[in-house]
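First comes the structure, then the notes that go with it.
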Amino acid sequence: MAFETGEHECKLQFLRPNRTRRNSLFLVVERILCIQREQGEKAIRNVCTALKIKMLNPADMGFLAEYTAVMNPVAMALDILQGESHVHMGFLLPTLSQLQEKLKKLKSSCQVCRSLPAALQTGIQKRFREVSQDPELIAAAILPPKFRTCWTTEEVILKAGLDYIRNHLEENLDEDVLANSSHSDEEDFFAAVKSENLQAGELERLNPADMGFLAEYTAVMNPVAMALDILQGESHVHMGFLLPTFSQLQEKLKKLKSSCKVCRSLPAALQTGIQKRFREVSQDPELIAAAILPPKFRTCWTTEEVILKAGLDYIRNHLEENLDEDVLANSSHSDEEDFFAAMKSENLQAGELERYLSCSSVGGLAILHSFPQIKKLSIKVNTSLPGSAACERLLIMLHYY
C-alpha cells in the first residue's frame, strides 16, 4: 500500500534508514527534499493523507533543508574514505581537514541547525586528535602529488610530516649506499655526504635502458592484461570465451618472442606457465565444445585437429541425446516410427551441425535461433562465466551491506 502510494504520487520511492549503512539517514532526508523540489509539496501531502500521518510543516522542511546542507560535506567525506579505487591512506587527513573547513563556513549560514556544525567539529576533533598528529599519517598526506602541503595551514603539522619523510629518506639512502658500497674506507667515510646530497635532490631518474625495459614489459604484458579483462567480464562473455582467449594469447606471446631484446625470457615464461596451468582444461571436451558453439568462434580459434575433433564429437553425442529425447517426446507411439527413430535422429543431428559450421553468417548469437538443437546445447555449456570476479564482487557487497 505505502509502496504503491509513494510511487504513484511522487514518481520516486521514499527511502528507509538502515543502521548498517553510513549516510543512510542523510539519504532519506535528501530524497524527501528531492521529491518536494521535483513533484511539489502536494505530492508529499497526498502521501501523508493516504497513509494517515502528519504532514511536514514549513518549519520542518526548513530544518530538513539545513540538515542536508550541513550533513552533505560529511556524507561526501565518508564516501571518499570508503572508496575502493583512487583512494589510499594519504586521503585521510586532507579529507578531515577540508571537512572541518566546510563545517566552519556553514556555522554562519545556519539558523535552525546552528549547533550541528559545531557539534560535528567537536566530535571529529575528539575522535581524530591523536590520528591528526601522527607523523606517518601526515607524511602519507604530503607525499601524494594531489595534496603535498596545501591541505593544511598548520606549520606544526606540516613540520612533523616533513621531518618524518626526511628521516626515512635518509635511512633508505644509507641502506642503498651500504648495499652498493665497494668497501673502500674512503668511500665509506664520505657515504653520509653522498646520502645527504641524494636526499636533498631529486630521486634518481630512469635511464634509457630502464625505459626500454619498461616499454618491452608493457608490450609483452598488454595481451595478458587484455585476456584477463575479457575473462573477468560480466556481460557479453561466457565459458566459450575461455579456450579461444588462451589460444589467441599463446599466439600473441609466440610472435612477441622474436621482437623482444631485453625481456626475451618473459614471453616464453608466460607461455610455459599458461600451458602448465591450463593443460587439462584445454583438453576438456565440454570446454572445447563451449568454444565451438558460439558463432563468434566456431572452429577458427585453433588449428589443432585433435582438439577440434574432441569438441565436435562431444557436440555430436549430446545433439544425438537431445534429438532422441525430442523424438521420444513427440512420438506417436507407432511401432514403425519408433523403430526408425534413431535413423531420423542421426540425419537431423548431422545435418544441423554441418549447416551451422558452414553457415557464412558472421552475426551475433541471434543466428543460433536458426539451429534450435545447437542453441539448446550452447545454452547448456555456456551459461557459466569463465572467471570468478563477479562472484567475488557479490560476496564483497554482501559482506559490507
Review point. Rounded to the nearest whole Å², what accessible area per residue is found for segment 40-127 with the 1.4 Å probe?
Key: 62
Practice item. Whenever you get a sec, compute what percent of the accessible area on segment 88-177 sits on carbon and sulfur atoms (1.4 Å probe). Key: 53
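The values are calculated or read from the model by the stated rules, or taken from the named source; none is laboratory data. It should be emphasised that the depicted structure is a prediction, and the values quoted were computed from it without experimental measurement. In case anyone asks, the SASA skips ligands and DNA or RNA and just uses the protein heavy atoms, side chains included. Shrake-Rupley method; radii C 1.70, N 1.55, O 1.52, S 1.80 Å.
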